[in-house]
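Taking it in order: structure first as structure tokens, then the write-up.
The values are calculated or read from the model by the stated rules, or taken from the named source; none is laboratory data. These numbers were taken from a predicted model, which means no experiment stands behind them. Virtual Cβ from ideal backbone geometry, glycine too; neighbours counted across all protein chains shown.
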Amino acid sequence: MTQAPPPKKSVALSGVVAGNTAISTVGSGDDLRYRGYDVRDLAEHATFEEVAYLVLYGALPTKAQLTAYTERLASLRGLPAPVLRVLEQLPATAHPMDVMHAGVAALATLEQEKSPYTPEGARAIADRLIACTGSMLLYWYHFTRDGSRIDTVTDDPSVGEHFLHLLHGKKPSAEWAAAMHASLILYAEHEFNASTFTARIIAGTGSDMHSAIGGAIGALKGPKHGGANEVAFEVQSRYESADQAERDIRERVSKGEIVIGFGHPVYRTVDPRNVLIKQVGRRLGEAQHDMKLWTIADRLETVMMETKKMFPNLDWFSAVSYSLMGVPTNMFTPLFVIARITGWAAHVIEQRQQGTIIRPGANYIGPDALAFVPIASRG
Ligand SMILES: CC(C)(COP(=O)(O)OP(=O)(O)OC[C@H]1O[C@@H](n2cnc3c(N)ncnc32)[C@H](O)[C@@H]1OP(=O)(O)O)[C@@H](O)C(=O)NCCC(=O)NCCS
């Protein structure tokens, strides 16, 4: 019998099984499957919309179902006037993750999930949020920069193209569209990670879909989770060359510094998503004759393996890819949100079907029983 690997040092509940799921598995710890399908096959051959359908509806769509689903998502990009007014009040200095959080909460007040909750109703809200959270972010972005009120309804065929079109004001190339499909697929779902578990905890209390997604956005923001792609870019862009990067990172690692973008709470030898996102970054860099960031990231991958046996996680080359497509750094994690709403919503539906509230116990480490002293007798 093979022994379970030891728990990870910096991860609470590492290796603890906290529930059942049929949505995805990290398998032996170094591979990832959505509803049974290897994520590498999906990212190479499917569209994001196809994978969103798979994760949310439980099976790959037929051609007709995929056409209908893609059109349905495209029809849900517009925002109600009160949400636009809320977005216009938010400052240009706000973090885009907070803008998305606020946008989702504002939409909840207008398009509240109807109780009693049903899987169909929950999926309808998930579809709406996958389709329109990019609209929220980019409406706010343009309005707070130059006062323009962009039309968020476009005829772009996919979620990724819609995002890049609104960001840059023009339709993206086929190459960029393909890169977005792969990246959003890789980010779509990941078992009981911190933000998904947050969503499940909120769903377990009987709360609604918008609340679960809002809570998950908050959990994803942290640099030890989704926010890692933004910090990874900050690390990579510190350097002018791969040699300079290597020297500096060797020194930092020797002093015990954690390099964000490496290691993973679950994986132990490799992040199976890395090989694909690395290819995406390489293709984008080659097409633009701009390999600087990719080369630095690649060298640091070698250095981290050599010095700490640490491998890059999905965020490392996502940062390279997004920056090559002109995405502002603080929108990297919001792109992760758009993709991951898929997984979060599927877990909310599953948690509701299981019908339990999540409430673990705690090991008490506080003082022994103390006698209460009334305020009048205290100093
Ligand atoms: C995910 C994470 C918390 C796991 O950490 P962990 O539990 O310490 O992982 P391990 O048990 O495998 O660590 C083994 C060793 O590698 C070190 N290590 C882990 N991640 C490291 C990193 N990113 N950079 C440098 N060293 C790292 C640990 O400090 C430990 O060193 P030690 O044995 O000298 O004390 C950690 O890798 C991390 O914080 N990574 C950066 C955050 C990030 O990118 N998050 C996004 C995840 S998708």
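A few points about this structure:
- Any hit, region 171-186, residues being within 16 Å of the ligand (Cβ to nearest atom), assigned to a helix (DSSP H, G or I), touching a Lys or Arg at 6+ places or on another chain (Cβ under 6 Å) and modelled with pLDDT of 95 or more: yes
- Count - residues of region 47-71 that are more than 22 Å from the chain's Cα centre (by Cα) and either surrounded by 14 or more Cβ atoms within 10 Å (Cβ to Cβ) or assigned to a helix (DSSP H, G or I) (or both): 8
- Flag for GLU257 being acidic (Asp, Glu), more than 19 Å from SER195 (Cα to Cα) and near the ligand (Cβ under 8 Å from one of its atoms): yes
- Top-ranked residue of region 295-309 - restricted to ones that are of a type in the set (Lys, Arg) and part of a helix (DSSP H, G or I), ranked as surrounded by the most Cβ atoms within 10 Å (Cβ to Cβ): ARG299
- Lone qualifier among ARG128, ARG123, ARG85 - being surrounded by fewer than 17 Cβ atoms within 10 Å (Cβ to Cβ) and either among the β-branched types (Val, Ile, Thr) or at negative phi (or both): ARG85
- Residue within region 5-18 that is in a loop (DSSP other than H, G, I, E, B), within 24 Å of ASP127 (Cα to Cα) and of a type in the set (D, E, K, R) present: no
- Residue under evaluation THR205, criteria (1) hydroxyl-bearing (Ser, Thr, Tyr); (2) buried (at least 19 other Cβ atoms within 10 Å of the Cβ); (3) touching a residue at least 24 places away in the same chain (Cβ under 8 Å), criterion not met: (2)
- A search for C-beta distances below 9 Å between a residue of region 103-114 that is of a type in the set (D, E, K, R) and any residue that is surrounded by 19 or more Cβ atoms within 10 Å (Cβ to Cβ) and outside any helix (DSSP H, G or I), counting only pairs 6+ apart in sequence or on different chains, returns GLU113/ASP208.
- Residue match in region 191-198 (condition: in a loop (DSSP other than H, G, I, E, B), within 23 Å of TYR37 (Cβ to Cβ) and either touching a strand residue (DSSP E or B) at 6+ places or on another chain (Cβ under 7 Å) or without any contact (Cβ under 8 Å) to a residue 60 or more places away in the chain (or both)): yes
- Top-ranked residue in region 321-379 [being within 30 Å of GLU234 (Cα to Cα) and of a type in the set (Val, Ile, Thr); ranked as nearest to the chain's Cα centre (by Cα)]: VAL337
- Residues of region 76-108 that are over 26 Å from ASP155 (Cβ atoms) and either in contact with a Pro (Cβ under 8 Å, 6 or more places away or on another chain) or assigned to a loop (DSSP other than H, G, I, E, B) (or both): LEU90, PRO91, ALA92, THR93, ALA94, HIS95, MET97.
- Flag if HIS162 is away from the ligand (no atom under 16 Å from the Cβ), more than 30 Å from ASN20 (Cβ to Cβ) and crowded, with 24+ Cβ neighbours inside 10 Å: yes
Results for (1) away from the ligand (no atom under 16 Å from the Cβ); (2) of a type outside the set (A, V, I, L, M, F, W, C), shown as yes or no for each residue.
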{"position": "GLY227", "(1), (2)": "no, yes"}
{"position": "ASP248", "(1), (2)": "no, yes"}
{"position": "GLY263", "(1), (2)": "no, yes"}
{"position": "ASP271", "(1), (2)": "no, yes"}
{"position": "GLN288", "(1), (2)": "yes, yes"}
{"position": "LYS292", "(1), (2)": "yes, yes"}
{"position": "MET305", "(1), (2)": "no, no"}
{"position": "TRP316", "(1), (2)": "no, no"}
{"position": "TYR322", "(1), (2)": "no, yes"}
